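The values are calculated or read from the model by the stated rules, or taken from the named source; none is laboratory data. Predicted model, so just to flag it, every value in this text is computed and none were measured. Neighbour counts are summed over all protein chains in view; Cβ atoms, including those assigned to glycine, are modelled from backbone coordinates with ideal geometry. Just so you know, the surface numbers come from the protein's heavy atoms only, side chains and all, with ligands and any DNA or RNA stripped out. Shrake-Rupley method; radii C 1.70, N 1.55, O 1.52, S 1.80 Å.
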Amino acid sequence: KSIKPKSQLEKLIFDALDEHSNCKFNEAISIYSQILKVKPSNHVRSIIYNHRGMAYFALSDYKHAINDFSKAITFNNRNISALNNRGLTYRILEEYEMAIIDFSSSLEINRYQTETYFSRALVYHDLEDSAKALKDCEEAINMKPDFKACIKLKSIIYSRLFNKK
């Protein structure tokens with residue numbers, strides 16, 4: 001049984017999410033923009049900006065993605081999804097210090113995020129800061145012992161450390 005939207009705003013949100021989940025990112029962006037014109041509550045705006053940012057990200061439009069993730073954070077500075085998404089985007093753009101700031105801010109809000117520790121570990125790995133990368137791997141693996149990607153990263157770091165000539 002499907003859920004019926006109660007309002008025009010809900011209908012737009014359902015439509016945007018539907019387009020987004022069907023990889024119709026330009027259509028989703030258009031609908032997210034319509035929703036933002038209505039000026040919903042700050043909480044809803046933060047969520048919509050984050051979603052629109054993810055659609056831009058999927059289109060490799062990283063400048064617009066960062067802009068939207070930043071707006072999402074402006075409307076809700078505890079939006080860990082937007083912080084993590086912006087951190088990921090900064091990493092792709094090799095703006096490593098900005099990525100670390102976002103992942104660290106996210107972890108200050110909620111320190112029980114295995115994926116965020118892993119993402120920050122990847123940034124530290126990119127920067128060849130093995131000590132910090134390993135520390136973040138350990139944090140993630142302590143919470144999720146079967147975290148395969150993190151276990152693999154840890155092993156890559158160890159092999160790089162101990163196989164140097």
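Please verify whether region 34-48 includes one or more residues that are in contact with a Ser or Thr (Cβ under 9 Å, 6 or more places away or on another chain), open to solvent by 80 Å² or more (accessible area, probe 1.4 Å) and not in a helix (DSSP H, G or I). No, region 34-48 contains no residue that is in contact with a Ser or Thr (Cβ under 9 Å, 6 or more places away or on another chain), open to solvent by 80 Å² or more (accessible area, probe 1.4 Å) and not in a helix (DSSP H, G or I). Pairs linking a residue in region 83-105 that is closer than 15 Å to residue 56 by Cα to a residue that is modelled with pLDDT under 95 and surrounded by fewer than 17 Cβ atoms within 10 Å (Cβ to Cβ), with Cβ atoms under 8 Å and 6 or more positions apart or on different chains, do not occur. Where residues in region 20-44 are within 25 Å of residue 92 (Cα to Cα) and charged (D, E, K, R), which of them is nearest to the chain's Cα centre (by Cα)? Looking at the filtered set, the residue picked out is 24.
So that you can scan it fast, the table gives a plain yes or no per residue for (1) open to solvent by 30 Å² or more (accessible area, probe 1.4 Å); (2) of a type in the set (A, V, I, L, M, F, W, C):
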{"site": "53", "(1), (2)": "no, no"}
{"site": "74", "(1), (2)": "yes, no"}
{"site": "77", "(1), (2)": "yes, no"}
{"site": "101", "(1), (2)": "yes, yes"}
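Residues in region 6-22 that are loosely packed, with under 11 Cβ neighbours inside 10 Å and modelled with pLDDT of 90 or more were compared, and the one that is farthest from residue 39 (Cα to Cα) is 22. Taking every residue in region 48-67 that is over 14 Å from residue 92 (Cα atoms) and pairing it with any residue that is of a type in the set (Ser, Thr, Tyr) and open to solvent by 50 Å² or more (accessible area, probe 1.4 Å), at least 6 positions away or on another chain, the pairs with Cβ-Cβ distances below 7 Å are 50/81.
Kindly check whether there is at least one residue in region 115-127 that is within 26 Å of residue 53 (Cβ to Cβ), open to solvent by less than 40 Å² (accessible area, probe 1.4 Å) and more than 15 Å from the chain's Cα centre (by Cα). Checked against the condition, which is being within 26 Å of residue 53 (Cβ to Cβ), open to solvent by less than 40 Å² (accessible area, probe 1.4 Å) and more than 15 Å from the chain's Cα centre (by Cα), region 115-127 yields at least one hit. Residue 41 falls short of the stated requirement of being free of Cβ contacts under 8 Å to residues at least 24 places away in the same chain and farther than 20 Å from residue 83 by Cα. The criterion of at least 1 residues that are at pLDDT 95 or above, within 22 Å of residue 47 (Cβ to Cβ) and hydrophobic (A, V, I, L, M, F, W, C) is met, among helices (runs of 4 or more DSSP H) falling completely within region 57-165, by 62-75, 80-92, 96-109.
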